[in-house]
């Protein structure tokens with residue numbers, strides 16, 4: 001019984017236990033990328049998902065990640081603009097609840113060249 005109580009406690013105190021699946025990145029032009037994803041599987045959602053965080057930075061950079069918070073009532077995709085031309089970026093997306101962040105899906109993409 002004690003193990004069951006501990007498991008219930010852990011599941012109610014954690015954020016989602018799976019990263020959002022179907023994470024994809026499509027360069028739109030030389031300075032923007034479209035990111036899209038899906039909801040985590042229902043069995044991995046232990047609290048109501050409040051939204052998603054989309055993070056990015058230049059690949060290999062030690063700069064802090066830029067974080068975009070996307071509300072739950074928004075679409076499951078967004079365009080990221082103002083990026084550098086023909087540059088490789090690392091992106092992450094994660095779902096979060098009132099008690100914390102879930103794990104992230106990670107992808108890389110290069111913005112297009114001019115022309």
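A short reminder: the numbers here are calculations on the coordinates, not readings from a lab. Keep in mind it's a predicted model, so treat the numbers as computed, not measured.
Data for the structure
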quantity	calculated
Gain upon complete extension [residue 59, residue 24; 0.36 nm per residue less C-alpha separation]	11.0 nm
Extension gain (nm, one decimal) between residue 75 and residue 110, 0.36 nm per residue minus Cα-Cα	10.3 nm
For region 20-115: rounded, prolate or oblate by the Cα gyration tensor [a/c cutoff 1.5]	prolate
